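*Asks:* Dropping a structure here in structure tokens format, bear with me for questions.
Read the figures in this text as sums done on the coordinates, not as results from a lab. Everything quoted here is computed from the prediction, not taken from an experiment. Using ideal geometry, Cβ is built from the backbone for each residue, glycine included, and neighbour counts are taken over all protein chains shown.
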Amino acid sequence: MIDNSIFENKKAAYLTLGCKLNFAETSAIGKQLSRVGVRKAREGEVAEICVINTCSVTELADKKCRQAVRKMIKENPGAYIVVTGCYAQLKPEDISEIEGVDIVLGSEQKLDVVAYLDELKKKDKGVIHTTKTSSIKSFVPSCSQDDRTRYFLKVQDGCDYFCSFCTIPFARGRSRNGTIESMVKQAEEVAARGGKEIVLTGVNIGDFGKTTGETFFDLVQALDNVEGIERFRISSIEPNLLTDEIIEFVANSKRFAPHFHIPLQSGSDAVLKLMRRRYDTALFRHKVEMIKSILPDAFIGVDVIVGTRGETDEYFEETRTFLESLDFSQLHVFTYSERPNTQALKIDYEVDPRTKHARCKTLLDLSDRKLDTFYKSQKGTARKVLFEHTEHDNMMYGFTENYVKVETPFDETKANEVKRITLGDFNKLKTALIEA
């Protein structure tokens, strides 16, 4: 058993790569260390403990993780280095070989970090503590605050979908979640701290309830009654799990923002089958059209992957044409990256890097046009903006309920406050001005 006195007055630095779920979990790790006497290192201080929470969604993400680990080691000489997250679960040996790394924690171990710190004794080589994917079963609640005003509440973890291109089920295990009662309690704690906005995060949040016999719709209804929270946002949700009743509820709810983020991945039904996705383009179109029919000003973000194995020129053109026909607000475009041990590697047709780049640019240009159209439709409308604390060039920023970014001269009294404004023109950075 570790003597907790060794942690007293130690300084820790934290680095998170990847998704908002990782940020929530890093916050939970920080709270664990805080309870045994470790404080967060201030700017300019050299940390004695460094925690790097990694991502492995693409090959580039893996590379960035290795670079980030080496940078933390260099900036904090002599520090005890802890590496965790998805890359640590999938490729622990790669990380343990990096000189200066002391411990590598897998997905099941990372949220019990104190138990593995081994008296903070530096190692000649990183010690690996991971388990097989089938053994990843625990759900540890996490809630983090970003450097602005929003909180990120982890409601679900893991995934049962096993899409052909994705390694997340191998990194995070099967779908699991906490109870609605525990989620409501955490939201109430955020409200008590003065938080105004909560983003619901997870790997596959629409699958909420697998381990508790509840549903995501049940969760949404319960959270809508939490007093003190101005707005909830639903992060990325699978189109087949975004039920019509959820859309209708958001349209009439007290606190859920008219903001949807829906992964499409491909606008070709043939490619969707190769990807092992659980919907087709007809279902996706229905969801978008339903949202716009009852929430015409809703912001709809869409994920799409270009250059996957099997995506011929004809199939890409189907995707482009399908997206042109949809009334969404913005695309998040990802270039396909080969991931070890995925079923996609069995697909023969490969897309060369130059073609991937061209397809990515085509869809990014389309996204810019769609965003311009959406922003222009919002000019002159009255909206509620939650202003953030951050100051940049004497300006402050905030977001409307339908995710329009707004700027105004900095005024500290507006921070973390919701103000009703009228949207004016937009600048080149796609930021709205407040109409006089």
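*Asks:* If you take the C-alpha gyration tensor of the chain, multiply each eigenvalue by 5 and take the square root, what semi-axes do you get, largest first, in whole Å? Don't jump to the answer; show the numbers that get you there.
*Replies:* Values: eigenvalues 240, 163, 93 Å².
Its equivalent ellipsoid spans semi-axes of 35, 29, 22 Å.
*Asks:* Nearest-5 percent of antiparallel DSSP beta bridges in the chain? Each step should come with its number before you reach the end.
*Replies:* Numbers: 22 of 64 bridges.
Of all bridge pairs located within the chain, approximately 35 percent are antiparallel.
*Asks:* Could I ask something else about it? I'd like to compare 373-386, 22-35: which one has the highest average count of other Cβ atoms within 10 Å, and what's the full order after that? Display every interim value, and only then the final one.
*Replies:* Values: 373-386: 16.2, 22-35: 19.1.
Result, highest mean Cβ count within 10 Å first: 22-35, 373-386.
*Asks:* Net charge near THR212: determine it from the other residues with C-beta under 10 Å of the C-beta of THR212, scoring Lys and Arg +1 and Asp and Glu -1. Mind showing how you got there, number by number?
*Replies:* On the way: positive: ARG176, LYS210; negative: GLU181, GLU214, ASP218.
Net charge around THR212: -1.
*Asks:* Tell me, how many Å apart are the Cα centres for the range 381-395 and for the range 288-310?
*Replies:* 26 Å
*Asks:* What number comes out for the charge environment of GLU314, summing +1 per Lys or Arg and -1 per Asp or Glu over other residues with Cβ under 13 Å away? Provide the component values of the computation, followed by the final result.
*Replies:* Working: positive: ARG320, ARG359; negative: ASP269, GLU311, ASP313, GLU317, GLU318.
Net charge around GLU314: -3.
*Asks:* Now for a separate question. Let me know the charge dipole size of the range 136-257 about its Cα centre in debye, to the nearest 20, where only the beta-carbon of Lys, Arg (+1) and Asp, Glu (-1) is charged. Before the final figure, lay out each step's value.
*Replies:* Details: 15 positive and 18 negative charges, 89 e Å.
Dipole magnitude for the range 136-257 comes out near 420 debye.
*Asks:* Hey, another quick one. What translational diffusion coefficient, in µm²/s and rounded to a whole number, does the Stokes-Einstein relation yield for the range 286-377 at 37 °C and a viscosity of 0.692 mPa s, taking the hydrodynamic radius as the Kirkwood radius over Cα pairs? Mind showing how you got there, number by number?
*Replies:* Values: Rh = 14.4 Å.
Using the Kirkwood radius from Cα pairs, D works out to 228 µm²/s.
*Asks:* Please compare each pair in LYS40/LYS125; LYS71/LYS137; LYS273/LYS346; LYS31/LYS64 to a cut-off of 21 Å on the Cα-Cα distance and tell me which ones are over it.
*Replies:* Values: LYS40/LYS125 25 Å; LYS71/LYS137 32 Å; LYS273/LYS346 14 Å; LYS31/LYS64 26 Å.
From LYS40/LYS125; LYS71/LYS137; LYS273/LYS346; LYS31/LYS64, over 21 Å: LYS40/LYS125; LYS71/LYS137; LYS31/LYS64.
*Asks:* Which aspartates and glutamates have a Cα less than 13 Å from the Cα of LYS110, not counting those fewer than 8 places away in the same chain?
*Replies:* Those aspartates and glutamates meeting the cut-off are GLU25.
*Asks:* Starting from the Cα of LYS292, draw a straight line to each of the lysines and keep only those under 22 Å, dropping any in the same chain fewer than 8 residues away.
*Replies:* Output for LYS292: LYS254, LYS370, LYS376, LYS379, LYS384, LYS405, LYS430.
*Asks:* Determine ³J(HN,Hα), in whole Hz, for all residues of the range 97-111 in sequence, where each value follows from phi through the Karplus function 6.51 cos²θ - 1.76 cosθ + 1.60 and θ = phi - 60°; x replaces Gly and Pro.
*Replies:* 7, 6, 4, x, 6, 9, 8, 10, 10, x, 5, 7, 9, 5, 9
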